[in-house]
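Q: Have a look at the structure that comes next, please.
The values are calculated or read from the model by the stated rules, or taken from the named source; none is laboratory data. What you are looking at is a predicted structure, and each value in this text was computed from that prediction instead of being measured. No Cβ is skipped: glycine too gets one built from the backbone with ideal geometry, and neighbour counts run over all protein chains shown.
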Amino acid sequence: MTSHETSSAWQRFWERGGWWKAVILAAVYFALYELVPLVMLPILRPWLADPASASYVVAGFVVPIAFGGLLLVLFALSVGWFKELFARQPIRGGRWMWAAVAVVLVFNILRFATTDYAGAGFSYAAAWLLAGLCIGFAEEVLTRGFVVNLMRKAGHKELAVALVSAAVFSALHAGNLLGGQSLFATAFQLLYTFAFGICMYLTLRVTGNLIWPVLLHASTDPSIFLQTAHPVDSPLSQIASMGNFPVIALGLVAIFFIRGQVASKDGLDAGSLAER
């Protein structure tokens, strides 16, 4: 009996891939992620009193995003993709793609190096590091894991894979409008997250494994939030705070260098993939 015959209708549905399935999956994830704070608000309310506290970071970021990550793990197990998502990538990237890793990593290091940890406090900094791990895991598994996998299984070229995974990642942040963020700030964030999503796609390609964009992403959010809230007073701090702009520039320019891929009729076949 073949694996196709033993798989469930649920698994066969997702195995066929498709961009619209990626959008549905992201929309369901987003809805559940937004629902958790509302359902748990009576429990979490005392922790949310002080936005500058570690408890606020845990209640406002760690709890909902960790729940979202758990849902993604359960979904991966239900379709039999968990090992596949973290297996060696069947499509590798050119050496120029290391530029994305370098730019993101350098500015993350600069922000960490120009953060006033005494002012932030150990518990606050530790809470953001934990939040970063949860954010990096959940958002990368969703967008560079599931979305990329669904796009490739449907036979889309890699330029489309990169654009859709970055667009879905960016769209997830549109919900910040619901939290009172201004339209201008949200529009800039959508531009940045789209370009950052392209950089994470390049990281996936050039490193060959999903764990590396997860870890790189996990170091990004804490470095931004900590350095923004508690910067040291130095010229280097000013440079570090402008890291969004190189990421945007690199992400947008990189789109023109991403080459299409040829997928096999059965989805993704490493032996039949070749860059044009």
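Q: Only one of these is more than 10 Å from the chain's Cα centre (by Cα) and of a type in the set (Ser, Thr, Tyr): Thr143, Thr193, Thr186. Name it.
A: Thr186
Q: Right, next: Take Arg144 and decide whether it is in contact with a strand residue (DSSP E or B) (Cβ under 9 Å, 6 or more places away or on another chain), buried (at least 23 other Cβ atoms within 10 Å of the Cβ), modelled with pLDDT of 95 or more and not hydrophobic (A, V, I, L, M, F, W, C).
A: In short, no.
Q: Checking Gly121 against (1) in contact with a helix residue (DSSP H, G or I) (Cβ under 9 Å, 6 or more places away or on another chain); (2) of a type outside the set (Val, Ile, Thr); (3) on the phi < 0 side of the Ramachandran plot: exactly one of these is not met. Which one?
A: It is condition (3) that Gly121 fails.
Q: What residue, of Ala102, Ala76, Ala126, is closer than 22 Å to Leu216 by Cβ, assigned to a helix (DSSP H, G or I) and without any contact (Cβ under 8 Å) to a residue 40 or more places away in the chain?
A: Ala102
Q: Search the stretch 38-69 for residues being surrounded by fewer than 16 Cβ atoms within 10 Å (Cβ to Cβ) and not hydrophobic (A, V, I, L, M, F, W, C), and hand back the single one that is nearest to Gly179 (Cα to Cα).
A: My answer is Pro51.
Q: Of these, Leu74, Leu32, Leu25, which one is crowded, with 17+ Cβ neighbours inside 10 Å and within 21 Å of the chain's Cα centre (by Cα)? Working first, answer last.
A: On the way: Leu74 fails: crowded, with 17+ Cβ neighbours inside 10 Å; Leu32 fails: crowded, with 17+ Cβ neighbours inside 10 Å.
Result of the check over Leu74, Leu32, Leu25: Leu25.
Q: Consider Phe196 carefully, then state whether it is surrounded by fewer than 22 Cβ atoms within 10 Å (Cβ to Cβ) and either closer than 18 Å to Cys134 by Cα or of a type outside the set (Gly, Ala, Ser) (or both).
A: Details: surrounded by fewer than 22 Cβ atoms within 10 Å (Cβ to Cβ): no; either closer than 18 Å to Cys134 by Cα or of a type outside the set (Gly, Ala, Ser) (or both): yes.
When the stated conditions are applied, Phe196 does not pass them.
Q: Still on this structure: Please state which of the following conditions Ala87 fails to meet, knowing it meets all the rest: (1) surrounded by fewer than 19 Cβ atoms within 10 Å (Cβ to Cβ); (2) under 18 Å from the mean Cα position of the chain (by Cα); (3) part of a helix (DSSP H, G or I).
A: (3)
Q: Could you tell me which residue of the stretch 147-166 is surrounded by the most Cβ atoms within 10 Å (Cβ to Cβ), considering only residues that are in a helix (DSSP H, G or I) and not hydrophobic (A, V, I, L, M, F, W, C)?
A: So, considering only residues that are in a helix (DSSP H, G or I) and not hydrophobic (A, V, I, L, M, F, W, C), the one surrounded by the most Cβ atoms within 10 Å (Cβ to Cβ) is Ser165.
Q: Let me ask another. Under 8 Å between Cβ atoms, which residue pairs at least 6 apart in sequence (or on different chains) link something in the stretch 215-228 that is in contact (Cβ under 8 Å) with a residue 24 or more places away in the chain with a partner that is buried (at least 20 other Cβ atoms within 10 Å of the Cβ) and basic (Lys, Arg)?
A: Within 8 Å, the pairs are Ser223/Arg111; Ile224/Arg111; Leu226/Arg111; Gln227/Arg111.
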